[in-house]
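Asker: So that we are looking at the same thing, I have put the structure below in structure tokens.
The values are calculated or read from the model by the stated rules, or taken from the named source; none is laboratory data. What you see is a predicted model, and the numbers here were worked out from it, not measured in a lab. Heads up, the Cβs are rebuilt from the backbone with ideal geometry, glycines too, and the neighbour counts pull from every protein chain shown. Side chains are part of the model used for accessible areas, which takes the heavy atoms of the whole protein and leaves out ligands, DNA and RNA. Shrake-Rupley method; radii C 1.70, N 1.55, O 1.52, S 1.80 Å.
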Amino acid sequence: MEIVVAKSAGFCFGVQKAVDTVYAEVEKGGRIYTFGPIIHNEQVVSDLRQKGVVIIDSLEQISELSEGTVIIRSHGISKKAQDVLEASPLKIVDATCPFVKKIHRIVEKDSLEGKHIVVIGSRNHPEVAGIIGWCQPEDHATVIENEEEAGHFCLESERDITVVSQTTFRQGKFKELVEILRKTGYNINVVNTICNATAARQEEAKKIASKADMMIVIGDSKSSNTQKLYEICSRVCKCTQYVQTKDNLKRDPAISLRCVGITAGASTPKNIIEEVQNYVRINF
Ligand code: F3S
């Protein structure tokens, strides 16, 4: 049986940088906080918790802290949250991915010029909430998740529109939603801000899944980019499994396996990918 592990599986540049930043700050000592979990991965988060890293979930908690270092994760935060942090006595270490920062700059500039901002992405994802938080004012922005919302898009007054995307959104769906928005008749400027790492990971996963008898997608259940990888792989490989660790793997004896493909979301550590690969090699 052949096992094909995607070269792009696992930590992307932005996540690696954020995780390395936290471990480096832990080494320096002192009280360390992260604004939200540093990544969507329970093993990494719990290891950091054991090393004393505390997760802050709200701006109210910031006002109760008088010392320590707070690390901003790769998803980034809103302008309001940034202002609150800067006004606090805490040391700020900003690990926002530069590609996400670029979107903040675009939406801040264009919204200040009076343009309406459309963010194509998942409304409840922290990256999208952070992006919306750089629009001035924030209600000059709309999040669009699907075809229905794109089709019903309508503004009260005529304005130019800038469209950006959540970095981990699916390329094909982004293009479809943009096409629907173009039919609304507004003057639309589209900036495709999907991260290359995401696009390359999705392309490679699709290619491997299309020739595999079984495809394994590894990642945390809350990870949006892993969920999208699973959707992509499921379309081309009926036997696709979404697992968090090797313990969730299932082997259907009715399916003969000549080729098993493995990919993983951007917040999946290397050791978990290796464990899954070894488990498949020995037990499947
Ligand atoms: Fe950054 Fe792209 Fe990763 S935006 S956090 S390098 S998926």
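Asker: In whole Å, what is the distance between the alpha-carbon centres of the range 6-56 and the range 116-156?
Answerer: A separation of 28 Å, based on Cα centres.
Asker: For the range 130-197, which whole percent of the accessible surface, found with a 1.4 angstrom probe, sits on carbon and sulfur atoms? Let's see the in-between values first.
Answerer: Values: 1510 of 3350 Å².
For the range 130-197, the apolar C and S fraction of the accessible surface comes to 45 percent.
Asker: What number comes out for the charge environment of Tyr186, summing +1 per Lys or Arg and -1 per Asp or Glu over other residues with Cβ under 11 Å away? Could the numbers behind the result be given before it?
Answerer: Details: positive: Lys115, Arg159, Arg182, Lys183; negative: Glu158, Asp160.
Local charge sum for Tyr186: +2.
Asker: If you don't mind, another one. How much area per residue is accessible in the range 32-84 when the probe is 1.4 Å and only protein heavy atoms are counted (Å²)?
Answerer: Working: 2400 Å² over 53 residues.
Dividing the accessible area of the range 32-84 by its residue count gives 45 Å².
Asker: Please tell me which of these pairs span more than 27 angstrom C-alpha to C-alpha: Lys175/Lys246; Lys173/Lys250; Lys17/Lys115; Lys80/Lys115; Lys80/Lys270; Lys102/Lys207?
Answerer: Violating the 27 Å Cα-Cα cut-off are Lys175/Lys246; Lys173/Lys250; Lys17/Lys115; Lys80/Lys270; Lys102/Lys207.
Asker: Between Asp213 and Arg182, how many nm apart are label points set 7 Å from Cα along the C-beta direction?
Answerer: The modelled label-to-label distance comes out at 4.3 nm.
Asker: Roughly how many Å² of Asp110 are accessible to a 1.4 Å probe, to the nearest 10?
Answerer: Estimated to the nearest 10 Å², Asp110 gives 10 Å².
Asker: With a ≥ b ≥ c taken as the square roots of the eigenvalues of the C-alpha gyration tensor of the chain, please select rounded if a/c is under 1.5 and otherwise prolate if a/b is larger than b/c or oblate if it is not? Intermediate results must be reported in sequence, preceding the final value.
Answerer: Working: a/c = 2.76, a/b = 1.19, b/c = 2.32.
Taking the square roots of the gyration eigenvalues as a ≥ b ≥ c, the chain is oblate.
Asker: From the residues Ser111, Ser58, Ser234, which one has its Cα farthest along the dipole of the chain in the positive direction, the dipole being from +1 and -1 charges on Cβ of Lys/Arg and Asp/Glu about the Cα centre?
Answerer: The one lying farthest along the dipole's positive direction is Ser234.
Asker: In Å², what does the accessible area per residue of the range 128-284 work out to with a 1.4 Å probe?
Answerer: Values: 7600 Å² over 157 residues.
Per-residue value: 48 Å².
Asker: According to the square roots a ≥ b ≥ c of the eigenvalues of the Cα gyration tensor, what is the shape class of the range 123-232, taking rounded for a/c under 1.5, prolate for a/b larger than b/c otherwise, and oblate for the remainder?
Answerer: Values: a/c = 2.63, a/b = 1.87, b/c = 1.41.
Taking the square roots of the gyration eigenvalues as a ≥ b ≥ c, the range 123-232 is prolate.
Asker: Ok, one more. Taking 41 Å as R0, compute the FRET efficiency from the Cβ-Cβ separation of Leu65 and Lys270 and round it to 0.05.
Answerer: Numbers: r = 33 Å, r/R0 = 0.81.
That pair, Leu65 with Lys270, gives E of 0.80.
Asker: Would you kindly find the accessible area of Ile32, with a 1.4 Å probe and non-protein molecules such as ligands, DNA and RNA excluded, rounding to the nearest 10 Å²?
Answerer: For Ile32, solvent-accessible area is about 10 Å².
Asker: Can you tell me the length gained on complete extension of the stretch Lys101 to Asn192, counting 0.36 nm per residue apart and subtracting the Cα distance? Numbers along the way, then the final one.
Answerer: Working: separation 91, 0.36 × 91 = 32.76 nm, distance 1.42 nm.
Length gained, Lys101 through Asn192: 31.3 nm.
Asker: Here is a follow-up. Run the helix sum for the chain: -39,500 (n - 2.57) per DSSP H stretch of 4+ residues, divided by residue count, reported at 222 nm to the nearest 500 deg cm²/dmol.
Answerer: On the way: 11 runs with 121 residues, N = 284.
The helix-only estimate for the chain comes to -13000 deg cm²/dmol at 222 nm.
Asker: Still on this model: Compute the distance in nm between two label points, each set 7 Å from the Cα along the Cα-to-Cβ direction, one at Leu155 and one at Ala200.
Answerer: My value for the distance between the label points is 3.6 nm.
Asker: Further, regarding this structure: Separation between the Gln43 and Lys175 pseudo-spin-labels, each 7 Å from Cα along Cα→Cβ, expressed in nm?
Answerer: The two pseudo-label positions are separated by 3.5 nm.
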